[in-house]
């Protein structure tokens, strides 16, 4: 079983923000199978879809780690089978990248997950949201909604990130990385 943890913040205020990319991807995986993520368990909303456990921590982003550790223990999932889906300011808007391990790139949600799991060797599906414009604080940027132009592209980006998770689960990490990461990096603002 894979534990697929989408990072985000609960509540309507944050639904359309860049920081909730992980929630959107996990929701899309559930939608594809016609189920809702509505079971409350260990501080998260959870649903099980063999071979995945989809989870959305319901504390704030920066406190996602304890939920990850609790779910890992409850479901007896190995660190190599934990997939964390999150927004990434170090990737251009629309880029999707898959990797295992590495640094946290200043992402406090990923940092908390790594700290509470005691490892950074989990799989990551990174959803590029781009760098903040000059003069913007990074926290304000990720907690802001997508622009109207960006919002038109978000459904397709979420689909590609959900595809990346499914590649990991069905084809394995190495094959998923070859498939997903081989796409050219974006040099223009259009993600399609």
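Read-outs throughout are calculated quantities, based only on the coordinates presented, and are distinct from any laboratory measurement. Please read all numbers here as calculations on a predicted model, not as lab measurements. Neighbour counts run over all protein chains shown; Cβ positions are idealised from the backbone, glycine included.
Details
- Base-10 log of normalised Debye intensity for the chain (one unit scatterer per alpha-carbon) at q = 0.14, 0.16, 0.17 Å⁻¹: -0.71, -0.95, -1.08
- Tilt relative to the chain, helix 148-171 - C-alpha long axis, 0 to 90 degrees, to 10: 40
- 0 to 90° range, to nearest 10: angle between helix 65-75 axis and the chain longest Cα axis: 40
- Percentage relative contact order, the chain, counting C-alpha pairs under 8 Å, at least six apart: 26
- Separation between Cα centres of the range 4-55 and the range 121-153, rounded to whole Å: 18
- Take 38-45, 73-80 and order them by the average number of nearby Cβ atoms within 10 Å per residue, most first; the result is 38-45, 73-80.
- Angle of helix 21-32 to the longest C-alpha principal axis of the chain, folded into 0 to 90 degrees and rounded to 10: 60°.
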